[in-house]
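The block underneath contains the structure these notes are about, expressed in structure tokens.
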Amino acid sequence: MARSINKLSARSVATIAKPGRHSDGAGLYLVVDASGARRWLFLFRWDGKLKEMGLGGTTAVSLAEARVRAGEARKLLSEGRNPIEERRASKADRKAPVTFGVFADELVSDIQYGFRNEKHRWQWQHTLEVYAASLRPLHIDSVTTEDVLGVLQPLWQAKQETASRLRGRIERVLDAAKAKGLRTGENPARWRGHLDALLPKRQKLQRGHHPALPYGSLPAFVEELRIRRATAALALEFTILTAARSGEVLGATWAEMDRKAKIWTVPAVRMKAGKEHRVPLSDRALEILDEAAAQRTTGDFVFPGPRKGKPLSNMAMAMLLRVRMKRPEITVHGFRSSFRDWAGECTSFPREVAEAALAHTVGDEVERAYRRADALEKRRKLMEAWAGFVSGAAPAAAGRKRKSAH
């Protein structure tokens, strides 16, 4: 007999693409919007009418937590109490001062349906959790200009665009808190007439290459990296081997890894192009997963951070490069350029295959055809050759550039 409850799995939650409601049983549903955004919904009847109770997005609320929340709602129903009204009353009766972190999370949950896509929601949540970490334990009514500057100043020169977006998000959180009567006075994150007098003028957004390590120096660099067995070092080597973006790696979960097929499936929500991307895993990448698994305690993230249930911070790999390895002249993102230069100059793999490995969607119809067809097996050979190169071995014969005969 088919299961009536717990029908979904962590993998299906991450991979179901069909828009609509997908039942987990007993009133709990995964809702996949047309945009690809995913959220939890609890359906129940009250006074003969069907009611919908949102339980949060899948990035912030896991399958296990959604089941707990649905169970709590069912318990209230069994006691003759409306779970939606009970939640409202609980918020209204909250006597303890609200922290910035709690209020920020609630605001993101409330406004998430206005975001362009799930990735936009994830960016809000991620920046307010990681970059604004020092604000999160503060009472929402006690956040000062000095507190906001303490968050923004370390980022302002190195990541000015990120810092600017973070400032705007902090400002909106504090404005919303004031609108709900939780704050008074001016907004300490306001730019015009306030922070613009305390921070350097923003430079125009520059687009271009991130500082990259020449590919010829990679084998020696990776040899030094492997001496450091911290989580950040494992994550950085995995990033190099897969030619992935740091956000794709840091958000990676065990449910995305298919060790038998040697494939890592990155869901669309974490991809810049908003499309699911399959990454062939080299033997060395699988070894890194083995090392990460040996260190695993609890949680779904392959590269967990020190905070329970949270991934490694996106600053962890950057600080590994800058501070511990004394390499401030290169960036994590720059290793994608190192890979692309190596593929173009040292191998005979088609350009379209290298572009597909980077999940690029630019190019002519031929390149776009490769992107649609995935080019998985061709990319598998390319990534194995790349792993051999960065490990100090010669690239596979099939991937070498052939010298012209004269």
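Where a number appears in this text, it was derived from the coordinates with a stated rule and is not lab data. These numbers were taken from a predicted model, which means no experiment stands behind them. We place every Cβ from the backbone using ideal geometry, glycine too, and count neighbours over all the protein chains shown.
Things to note:
- Derived from the Cα gyration tensor, the three semi-axes of the equivalent ellipsoid of the chain are 41, 29, 18 Å, largest first.
- Contact order for the chain, expressed relative to its length and based on alpha carbon pairs under 8 Å spaced 6+ residues apart, stands at 11 percent.
- Cα gyration tensor shape of the stretch 100-197, rounded if a/c is under 1.5, else prolate or oblate by comparing a/b with b/c: oblate
- In this structure the amide hydrogen of Val279, modeled in the peptide plane, comes within under 5 Å of the amide hydrogens of Trp264, Thr265, Val266, none closer than 5 places in sequence on its chain.
- The alpha-carbon of Lys75 sits under 20 angstrom from the alpha-carbons of these aspartates and glutamates, leaving out residues fewer than 8 places away in its chain: Asp24, Asp47, Glu52, Glu65, Glu85, Glu86.
- In plain terms, the chain from Asp33 to Glu329 could stretch by 102.4 nm, reckoned as 0.36 nm per residue minus the Cα-Cα distance.
- The residues neighbouring Ala10, those whose beta-carbon lies less than 14 Å from its own, together hold a net charge of -1 under the Lys/Arg +1, Asp/Glu -1 convention.
- Counting 0.36 nm for each residue step from Lys18 to Gln153 and taking away their Cα separation leaves a gain of 44.3 nm.
- Whether the stretch 1-51 is rounded, prolate or oblate, judged on the alpha carbon gyration tensor where a/c under 1.5 counts as rounded: oblate
- Take every pair of alpha-carbon atoms less than 8 Å apart whose residues are at least six positions apart; their mean separation over the length of the stretch 303-363 yields a relative contact order of 15 percent.
- Spin-label model distance (nm) - Asp283 vs Arg322, 7 Å beyond Cα toward Cβ: 3.8 nm
- Most to least packed among 240-249, 222-231 [average Cβ atoms within 10 Å]: 240-249, 222-231
- Remark: spin-label model distance Ala197-Thr184 equals 2.3 nm, labels positioned 7 Å along the Cα→Cβ axis.
- A simple charge model with +1 on the Cβ of Lys and Arg, -1 on the Cβ of Asp and Glu and nothing else charged puts the dipole of the stretch 138-275 at about 460 debye relative to its Cα centre.
- Helix-only CD estimate at 222 nm, as mean residue ellipticity for the chain, using -39500 (n - 2.57) per DSSP H run (n ≥ 4): -13000 deg cm²/dmol
- Helix 160-179 and the longest principal axis of the C-alpha atoms of the chain enclose an angle of approximately 10°.
- Compared with the alpha-carbon gap, the fully stretched path from Asp175 to Ala261 is longer by 26.1 nm at 0.36 nm per residue.
- Using a Förster distance of 30 Å, the FRET efficiency for Glu291-Ser134 (Cβ separation, nearest 0.05): 0.45
- Reported value for the stretch 215-399: 115 Å³ per residue, from the convex hull of its C-alpha atoms.
- Max mean-square fluctuation residue, GNM over the chain, Cα-Cα springs under 10 Å, options Val108, Val130, Val323: Val323
- Each Lys or Arg adds one and each Asp or Glu takes one away; over the other residues whose Cβ falls under 10 Å from the Cβ of Leu320, this sums to +4.
- With R₀ set to 56 Å, the beta-carbon distance separating Ala273 from Lys49 gives a calculated FRET efficiency near 0.85.
- Model label sites at Glu85 and Thr145, defined 7 Å from Cα along the beta-carbon direction, differ in position by 4.7 nm.
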